[in-house]
1. Given the residues G266, G318, which is the only one that is crowded, with 16+ Cβ neighbours inside 10 Å and assigned to a loop (DSSP other than H, G, I, E, B)?
2. Would you mention how many residues in the stretch 238-286 are closer than 22 Å to A113 by Cα and among the small types (G, A, S)?
3. Across the stretch 115-161, what is the number of residues that are modelled with pLDDT of 80 or more and either of a type in the set (D, E) or within 16 Å of S260 (Cα to Cα) (or both)?
4. When M254 is evaluated against the numbered criteria (1) over 14 Å from C84 (Cβ atoms); (2) of a type in the set (A, V, I, L, M); (3) within 16 Å of the chain's Cα centre (by Cα), which criterion, by number, is the only one it fails?
5. When you scan the stretch 290-313, how many residues do you find that are crowded, with 19+ Cβ neighbours inside 10 Å, farther than 15 Å from L20 by Cα and more than 12 Å from the chain's Cα centre (by Cα)?
6. Is at least one residue of the stretch 43-60 under 28 Å from the mean Cα position of the chain (by Cα) and in a helix (DSSP H, G or I)?
7. Say we look at the stretch 16-40 and pick out the residues that are small (G, A, S) and under 20 Å from the mean Cα position of the chain (by Cα); which of these is nearest to L194 (Cα to Cα)?
Amino acid sequence: MSKTKQGFIFALLCLVALLLMFASCMIGSSAMSFETALQALVSPLGIRLPFASNVGENETYIVLSLRLPRVLFAAVAGAGLAICGVAFQSIFRNPLSDPYVLGVSSGASLGAAVAIVLGAESMILGVGVSSFVFAILTVLIIIRISSYGNRIHTSTLLLAGISINFLISSVISLLMVLNREQMEKITFWTMGSLSYINYNDLLFVFTAVLIGILVVVFHARDLNALLIDNQTAQSLGVNVEKTKRVLLLVCTFMVSSIVSRSGVIGFIGLVVPHMVRTIVGADNRRLIPFSIVGGIIFMTIGDILSKVIIPPSEIPPGSITALIGAPFFIYLLFNSKKRLNQ
């Protein structure tokens, strides 16, 4: 595919992402018209649209204070989780790698649950730090289990991730049983929700994701080399172990930051990179920017569906992404099995 055509597709995807984000601002427990939502969004600029003169302070407050931070958070979270999927799949040379499948998201969720039980949620960054520490520990345990010598066995990696997921789910369930007064808050993290997102949450996660994306973009060529094998990457001047450690640390930081505010939202890092590869190929220099936009679109669609399926109630966005991602994961497993039999 030519660069011109790729540029056109990228611009089109960006436009789709913006339109979906605007649509999400219109959708909620009380639906808003296009004119009302647009007027509310431009009101901080002092602009009054002639076709939306009846928009009051209540509508403006709903859009700017309640819906906009949620919409922007969903976009940032989708971009961050998609980029983590790109990095994990290159580091482990495994198309099935994903922060959720490997248990990183669950580890961060356990950290949030522990912080809630210990009363650390009222502390500055209390939940965030706890989520990060537990997510890092989860990554280290999974790598240790799946490593033999200097190699990480991909099949063992997946089994280790799935096993750790089950173990963490059991521990979280036990914490909820022993701390019934905190059960609702812990359930919030295990299911994933964007209902209570505010601008402070958005700023914290945006900073973490921006730092993470910049680091991953800087290592895009190194990730391409790692896709071949470690020896080839080393011969091309890549410090393999240092690069892996840095990227794993940064991606874990991104995932734990998102989970500490929204709870577990799975499979975005699995689905989006695979869909994007069908358009731009496996070169991470192109895959990364397309995956950022793809993650925004995927997560925004999930958020919209969570609000419209059973109004006025909401389905956790994590359930929507899992309903799409789990069958996709099974499909990839089936394809992997067929290739092994050929």
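The values are calculated or read from the model by the stated rules, or taken from the named source; none is laboratory data. Small disclaimer: the values here were computed from a predicted structure and weren't measured. Ideal geometry is used to build each Cβ from the backbone, glycine not excepted, and the neighbour counts take in all protein chains shown.
1. On the way: G318 fails: assigned to a loop (DSSP other than H, G, I, E, B).
From the options G266, G318, the qualifying one is G266.
2. 6
3. Taking the stretch 115-161 and keeping what is modelled with pLDDT of 80 or more, we get 115-118, 129-145, 159-161.
Of the ones still in play, those that are also either of a type in the set (D, E) or within 16 Å of S260 (Cα to Cα) (or both) are 115-118, 129-138.
Here the count works out to 14.
4. (1)
5. 1
6. Initial filter on the stretch 43-60 (under 28 Å from the mean Cα position of the chain (by Cα)): none.
No, there is no match, as no residue in the stretch 43-60 is under 28 Å from the mean Cα position of the chain (by Cα) and in a helix (DSSP H, G or I).
7. Step one: of the stretch 16-40, the residues small (G, A, S) are 17, 23-24, 28-31, 33, 37, 40.
Then keep just the ones that are under 20 Å from the mean Cα position of the chain (by Cα); that gives 17, 24.
Numbers: A17: 18, S24: 12 Å.
Filtering the stretch 16-40 for residues that are small (G, A, S) and under 20 Å from the mean Cα position of the chain (by Cα), the one nearest to L194 (Cα to Cα) comes out as S24.
This table checks each residue for (1) closer than 30 Å to I330 by Cα; (2) at pLDDT 85 or above; (3) not in a helix (DSSP H, G or I).
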position: S170; (1), (2), (3): yes, yes, no
position: Q182; (1), (2), (3): no, no, no
position: K185; (1), (2), (3): no, no, no
position: I197; (1), (2), (3): no, yes, yes
position: N200; (1), (2), (3): no, yes, no
position: L226; (1), (2), (3): yes, yes, no
position: L249; (1), (2), (3): yes, yes, no
